[in-house]
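Below: the structure, in structure tokens.
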Amino acid sequence: MIQKHCWECGAALIEKPLEGEGIVPFCPVCGEYRFPMYNTAVSMIVTDEKTGRILLIQQYGRPSYILVAGYVNRGESAENAVRREILEETGLHAGRIRFNRTRFFEPSNTLMCNFTAFVSDADRLHTNREVDRYSWFSPAEARRNIRPNSLAAAFLNAYLDEIGR
């Protein structure tokens, strides 16, 4: 059980069966089931509309390339988070976006929602302090350069497989 205490009263949660749901955290003080809470984030395969090249970034002193990503703010749609995160981290404007898939990432208790975002202003790229380095790659180069065995690689490879690249 990830959530240990009730977010309403602070009491320790217990595990209790709920018909049709299985074992669910339960607050014995409030008398309410407390379904697990988790973070929601977006990751993006940022693609230059003109060239088909894919943007990969390096962050936080790590040497491997990953996808642009960020958390969804409270009250924000995932689609708006895609556009906001791309603009914040790269200065680029996402035009068309395409939902790809989701996957739960246990280490950070986060539901990752993956999108492809197409940009037409790739030549205007200017990163913020969150990005150490970046590079545009062909789809084949992106496959070779993304962090191996990562969620970013799983998203990228699934998308490229799907579109036949």
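The values are calculated or read from the model by the stated rules, or taken from the named source; none is laboratory data. In this text, all values refer to a predicted model and were calculated from it rather than measured experimentally. As a convention, Cβ positions derive from the backbone with ideal geometry for all residues, glycine included, and neighbour counts pool all protein chains shown. SASA here: full protein model, heavy atoms, side chains in, ligands and nucleic acids out. Shrake-Rupley method; radii C 1.70, N 1.55, O 1.52, S 1.80 Å.
Leaving ligands, DNA and RNA out of it, work out the accessible area of VAL29 with a 1.4 Å probe and give it in Å² to the nearest 10.
110 Å²
Tell me, what % of the accessible area of the chain is carbon and sulfur with a 1.4 angstrom probe? Write down the numbers at each step before the final one.
Details: 4590 of 9250 Å².
Carbon and sulfur: 50 percent of the exposed surface of the chain.
With a 1.4 Å probe and all protein chains in place, put TRP7, TRP136 in order of accessible area, largest first.
Values: TRP7 100, TRP136 45 Å².
Greatest to least solvent exposure: TRP7, TRP136.
In what order, largest first, do ARG103, ARG53 sit by accessible area if the probe radius is 1.4 Å? Walk me through the intermediate numbers first.
Numbers: ARG103 125, ARG53 85 Å².
Putting ARG103, ARG53 in descending order of accessible area: ARG103, ARG53.
If we count every other residue with Cβ under 14 angstrom of LEU160's Cβ, Lys/Arg +1 and Asp/Glu -1, where does the sum land?
Values: positive: ARG53, ARG98, ARG101, ARG143, ARG144, ARG165; negative: GLU141, ASP161, GLU162.
Its environment carries a net charge of +3.
Over the chain, what is the percentage of antiparallel beta bridges among all DSSP beta bridges, to the nearest 5?
On the way: 29 of 40 bridges.
Expressed as a percentage, antiparallel bridges in the chain total about 70.
What does the accessible area per residue of the stretch 7-126 come to in Å², with a 1.4 Å probe and no ligands, DNA or RNA counted? Please list the in-between numbers first.
Values: 6570 Å² over 120 residues.
Heavy-atom SASA per residue in the stretch 7-126 reads 55 Å².
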